Amino acid sequence: MSDQTQNPAGNEAEFSENAETGQADDYEALVRLMKENEELKDRSLRTVAEMENLRRRTAREIQDARAYAVTNFARDMLSVSDNLRRALDAVPANSGTADAAGLSALVEGVEMTERAMLSALERHGVKKLEPEGERFDPNFHQAMFEVPNPDVAANTVVQVVQPGYRIGERVLRPAMVGVAKGGPAFVAKSAESEAETPAEPGPVNAQAEKDA
């Protein structure tokens, strides 16, 4: 008789040992596959998050590009607007009657040109800053001198030497101002200004996009 016939107990032990080894191998393979699956899932989630961040960043950059595309052009136009205002300020308060009609027509034409230019700039997102009576804000104003005045809250803008301009949330040119000195602390408008949040750039005019 063969050894297998003579020793059935030994065959059963060997089969049981092989079965246990196979189960252990299967368990290790399952654990390995589950670990790989978790790593792939984590990698996939990270990729999705990175793509979403990239999409948001790209959308924000496109919005900024549209909103601020005319920045350099608008800054150049400010000097033209300043010259128009200087021309108006240079007109004598009391002109001779002989030239009154012609001078009045000239002044009216220059004023219309100034208004048209400021309106065009505003359509492109440029807004004029005339902060007289407001609290001095170094982000938007440039202090040129101080005016001693105990009746006005300290750091109040009491005179605008040159108006400023902003485009969207950015300063195109700070307003040159004179500020009060020696008065009480600025309280009321301080709380009000802190409560305000900066405005997001609004939708760009279609014609503005075309011109840009």
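Side notes on the structure shown:
- Taking label positions 7 Å along the Cα-Cβ direction at both LYS181 and GLN23, the computed distance is 9.1 nm, reported to one decimal.
- Straightening the chain between GLN162 and ARG85 buys 26.7 nm, computed as 0.36 nm per residue apart minus the Cα-Cα spacing.
- Estimated FRET transfer efficiency (ARG115, THR58; beta-carbon r; R0 35 Å; 0.05): 0.40
- Residues THR156, THR113, sorted so that the one with the fewest Cβ neighbours within 10 Å comes first: THR113, THR156
None of the figures in this text is laboratory data; all of them are computed from the coordinates on show. On a predicted model such as this, the values are computed, not experimentally measured, just so you know. Here Cβ is always computed from backbone atoms with ideal geometry, including for glycine, and neighbour counts include all displayed protein chains.
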